[in-house]
Structure formats: structure tokens, C-alpha cells
Amino acid sequence: MLRFAVLLAACLLAAGFSSWPGLPAALAGHLVAPGGTSPLLPAERIDAALARLPDRSGRVTTRSGVPVFWRAIDPGDYRLRATWPRGEAHGNTFPTLDFDVPTVPAPTPRGTVVLLHGWMMNGDSLLPWALRLGEAGYRTIAIDLRNHGRSGHAPSGYGTREATDVTEVVAALRTRGEIVGPLHVLGVSYGAATAIFAAADPRLRAERVVALESFAVAGTAIRDMIPHMLDNGPATWNERLARRWMHWRLDDAVLDAAIDQAGATLDLPLDAVDVGAALAQAPCALLVHGDADRHVPVAHGRALAAAAPHARYLEMPGEDHLSLPMRLDVLAPIVVDWFDRPACPGSMLAGTAGTEAD
């Protein structure tokens, strides 16, 4: 997200503060594709951690021709030690972590959890979740969504096209014996929207879905996110100047035009990417949102809860878009309990993380 602001400001500065018609086009270009991996993701630390772990990985080429990378980590006694520096919430998206390498063969998984990452991240960004769920007996399969990580490039779908990729990857992995027991899906942000769209597809055969800080409608999320990113992005003097100019020029008409142009390029009206409509068709869903989220404001989580009264909705006080996915201390027991239940709970009431609402 922060890299998005840096790239956007730099682009506009390099364009010499172009006229109004050029601003929506420049903005639309950054809405069409992620434009790289977030520099907040410590690739060297993650690679070093993965080098210690037994895992399996590969690629599945979907029917649309996209090679999609996946990584499986089996259950084990990892004894994960993860610390996330809360005082630096806006400078870190990954905790410091250590773990034990299992010394005995992996037990038979009690189920399989597909992990779906956020925009400008990759499947490895969810390694802490893979290890924590592995401790609980679950095999995890982290997927690099199209245009991210080691997967190929294709038109973004803001969760819609990506969900089809996920469904096809899971089908291929089923034939290889990688999907064992009940299948669940956990996603973060853009990955959470993808998880909901995928779970709504009966071909996936998902039993439970956990969506952390999903947007409700793609176009609305963009309108909410971009002004916030301009307040919390780059810090060099020329980038600050670009941000000030953008604040001066940015209004509803510019955002609407950029969203329309991006949608036309993708052949996907972004105001029609309605996660709530998909959620109404998804099985046994747990929604979690932080009430301090300014990237994807909590109104999105509440709108999703209203669209699917059968889902369980939790708000985490004081958590924002970067901090919430790292609160494994609070969320992991809730998520594991959600996956462990023998049957999906009935009608769930809204609650606060750490309390029971059923």
C-alpha cells in the first residue's frame, strides 16, 4: 500500500504535474496492476525462514493460461515465536519470528487451509499463519495470486478472476493428493475478497472461509483508500510536493474517471465488483475488521456483515489494516476454533474479537 503511494506520487511528479485529463489516466494505470512487491515485506528474512522448512511447491497453469505458484507446508510442532512491534505499526507488515523444525514425520492433516495474500504481497507473507495453523494440525497451501510473487501476469479481477484461478489450482492439487480433509480458505484484504469469491463457487468445495479486512465493493474501496494513502505515503520533499498537488487536484470527478478508465482497461466495472453479493452465496464465513482501519475502513466490514446475516462478524478495537493480520495472538485461536467446529454455527451475531457471539 505504501509503495502504491510512492509509485503514484513519483509518476505524477515525473509527468510534470500534468493537466486534469492526465491525472485520471496516471491514477488508472496504478489501479490496473500492483506494480511490484511491497518493500515492507522482508524477502530475505522470509526466504531464510523457508529454507529451514520442509515444504513442497510448484505451479499450476490455469485454463486462462496463467501459471499460478503454490507452496504447501505440512502440520508439525513448530513452536512458533512471533513478535510484531506494535509501536511501529505503519513501518512493518511482518513480525520477527522463530520456530522449531519438526524432527518427526508430519502427521496426517486434519484439513487443508488455502492462504490468500493482500495486494502487492505474496503467499510467503502469510508464513506466520501457515506455521500457526500447522501447529493446529492443518496443512496450508499459500497461493501467489496472478500478478504477484512467482505467478504469471494477467488482467486483475479484484478477486473475481483470481478466485477462478484459486478454484482451478485447488482442483489440480486435489488430483495430486495435496488437499486432505475439509478444505478452508483464509484471505487478507484483496486476498479476503478473493477468498469470498472463491468460496462462493461450489466447484471449490470449501467448508469454511475467514476473511480479514475485505473490501465490500472494489470501486468504493479505491475511493476510500487513495486519499488515505496520500496522507501516509512517501516522505521526500518532491514526493510531498506531489502529494500536496494531488490533494489539490484530487476530487470525486478525478477518482470516478480513474476508476472508470481502469475498469475499461480491465474490462471489469470496478463498481460492480460486489463482494457482499458473493458472500451471500459463500459457506460458513467469519469476517474480521479493525475499527481503526483507514485503508479499507470498517464500514466495508459492516456492509459485508449486513449483506450476509448468516456470517459471523468481529471487530477488533484499535487495529488497522497493517496490524490486524499480525494479531495471531488474538486471531489464531478464533480461526482455529472456527475451522475445528464439526458443523457451521447457526446465525451469528456481530461481536468483538476475543468474545463469543453465538
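The values are calculated or read from the model by the stated rules, or taken from the named source; none is laboratory data. Just so we're clear, the structure is a prediction, and the values are computed from it rather than from any experiment. Neighbour counts run over all protein chains shown; Cβ positions are idealised from the backbone, glycine included.
Across region 204-228, what is the number of residues that are of a type in the set (Lys, Arg), part of a helix (DSSP H, G or I) and either within 14 Å of ALA307 (Cβ to Cβ) or in the same structural domain as GLY159 (by TED's automatic domain parsing) (or both)? Spell out how you get there, then give the answer.
Of region 204-228, the ones of a type in the set (Lys, Arg) are 205, 208, 223.
Next, only the ones that are part of a helix (DSSP H, G or I) stay: 223.
With the extra rule that they be either within 14 Å of ALA307 (Cβ to Cβ) or in the same structural domain as GLY159 (by TED's automatic domain parsing) (or both), the set shrinks to none.
Of the residues in that region, 0 qualify.
Taking only region 123-137 into account, find how many residues are over 11 Å from the mean Cα position of the chain (by Cα) and not in a loop (DSSP other than H, G, I, E, B).
If we filter region 123-137 for residues that are over 11 Å from the mean Cα position of the chain (by Cα), which is where we start, we get 124, 127-137.
From what's left, not in a loop (DSSP other than H, G, I, E, B): 124, 127-135.
Matching residues across region 123-137 total 10.
Can you name the number of the only condition in (1) buried (at least 24 other Cβ atoms within 10 Å of the Cβ); (2) farther than 20 Å from GLY76 by Cβ that ALA130 fails?
With respect to (1) buried (at least 24 other Cβ atoms within 10 Å of the Cβ); (2) farther than 20 Å from GLY76 by Cβ, ALA130 is out only on (2).
Within the group ASP165, ASP201, which residue is acidic (Asp, Glu), buried (at least 24 other Cβ atoms within 10 Å of the Cβ), over 13 Å from the mean Cα position of the chain (by Cα) and modelled with pLDDT of 95 or more?
Values: ASP201 fails: buried (at least 24 other Cβ atoms within 10 Å of the Cβ).
Sole residue among the options that is acidic (Asp, Glu), buried (at least 24 other Cβ atoms within 10 Å of the Cβ), over 13 Å from the mean Cα position of the chain (by Cα) and modelled with pLDDT of 95 or more: ASP165.
Could you tell me how many of the residues in region 34-63 are part of a loop (DSSP other than H, G, I, E, B), over 15 Å from LEU115 (Cβ atoms) and within 22 Å of the chain's Cα centre (by Cα)? Give the derivation first.
Initially, region 34-63 is screened for residues part of a loop (DSSP other than H, G, I, E, B), giving 34-42, 52-55, 62-63.
Right, trim to over 15 Å from LEU115 (Cβ atoms) and you get 34-40, 42, 52, 54, 62-63.
Those still in the list that are within 22 Å of the chain's Cα centre (by Cα) too: 34-40, 42, 62.
Residues in region 34-63 being part of a loop (DSSP other than H, G, I, E, B), over 15 Å from LEU115 (Cβ atoms) and within 22 Å of the chain's Cα centre (by Cα): 9 in total.
What pairs come out if I take residues in region 129-140 that are over 13 Å from LEU331 (Cα atoms) and without any contact (Cβ under 8 Å) to a residue 24 or more places away in the chain and pair them with residues that are small (Gly, Ala, Ser) and outside any helix (DSSP H, G or I) whose C-beta lies under 9 Å away, six or more apart or interchain?
Here the result reads none, with nothing in region 129-140 linked to a residue that is small (Gly, Ala, Ser) and outside any helix (DSSP H, G or I).
Check whether at least one residue in region 6-22 is modelled with pLDDT of 50 or more and surrounded by fewer than 17 Cβ atoms within 10 Å (Cβ to Cβ), and report yes or no.
Within region 6-22 (the criterion being modelled with pLDDT of 50 or more and surrounded by fewer than 17 Cβ atoms within 10 Å (Cβ to Cβ)), the answer is yes, since at least one residue qualifies.
Please go through region 304-334 and give me each residue that is surrounded by fewer than 23 Cβ atoms within 10 Å (Cβ to Cβ) and in contact (Cβ under 8 Å) with a residue 60 or more places away in the chain, ordered by number.
Within region 304-334, ALA307, ASP320, SER323, MET326, ARG327, LEU328, ALA332 qualify.
Any residue in region 270-293 that is outside any strand (DSSP E or B), under 14 Å from MET225 (Cβ atoms), touching a residue at least 40 places away in the same chain (Cβ under 8 Å) and of a type in the set (Gly, Ala, Ser)?
No, that holds for no residue.
What is the residue count in region 150-160 for residues that are buried (at least 21 other Cβ atoms within 10 Å of the Cβ) and under 24 Å from ASP271 (Cβ atoms)?
Step one: of region 150-160, the residues buried (at least 21 other Cβ atoms within 10 Å of the Cβ) are 151, 156-159.
If we keep only those that are under 24 Å from ASP271 (Cβ atoms) too, we end up with 156-159.
Total meeting the criteria: 4.
Given the criterion in contact with a Leu (Cβ under 6 Å, 6 or more places away or on another chain), on the phi < 0 side of the Ramachandran plot and part of a helix (DSSP H, G or I), identify the matching residue among THR167, THR140.
Working: THR140 fails: part of a helix (DSSP H, G or I).
Being in contact with a Leu (Cβ under 6 Å, 6 or more places away or on another chain), on the phi < 0 side of the Ramachandran plot and part of a helix (DSSP H, G or I) holds for just one of THR167, THR140, which is THR167.
Could you check, for region 99-113, whether at least one of its residues is surrounded by 24 or more Cβ atoms within 10 Å (Cβ to Cβ), in contact with a Pro (Cβ under 8 Å, 6 or more places away or on another chain) and of a type in the set (Gly, Ala, Ser)?
no
Given the structure, is SER57 within 22 Å of ALA163 (Cβ to Cβ), surrounded by 13 or more Cβ atoms within 10 Å (Cβ to Cβ) and without any contact (Cβ under 8 Å) to a residue 60 or more places away in the chain? Lay out the reasoning, then the answer.
Numbers: within 22 Å of ALA163 (Cβ to Cβ): yes; surrounded by 13 or more Cβ atoms within 10 Å (Cβ to Cβ): yes; without any contact (Cβ under 8 Å) to a residue 60 or more places away in the chain: yes.
Judged against the criteria, SER57 is a match.
Among residues belonging to region 245-269 that are of a type in the set (A, V, I, L, M, F, W, C) and in a loop (DSSP other than H, G, I, E, B), point out the one that is modelled with the highest pLDDT.
Step one: list which residues in region 245-269 are of a type in the set (A, V, I, L, M, F, W, C), which gives 245-246, 248, 250, 253-255, 257-259, 262, 264, 266, 268.
So of that shortlist, the ones also in a loop (DSSP other than H, G, I, E, B) come out as 250, 268.
Numbers: LEU250: 68, LEU268: 97.
Ranking the qualifying residues of region 245-269, first place goes to LEU268.
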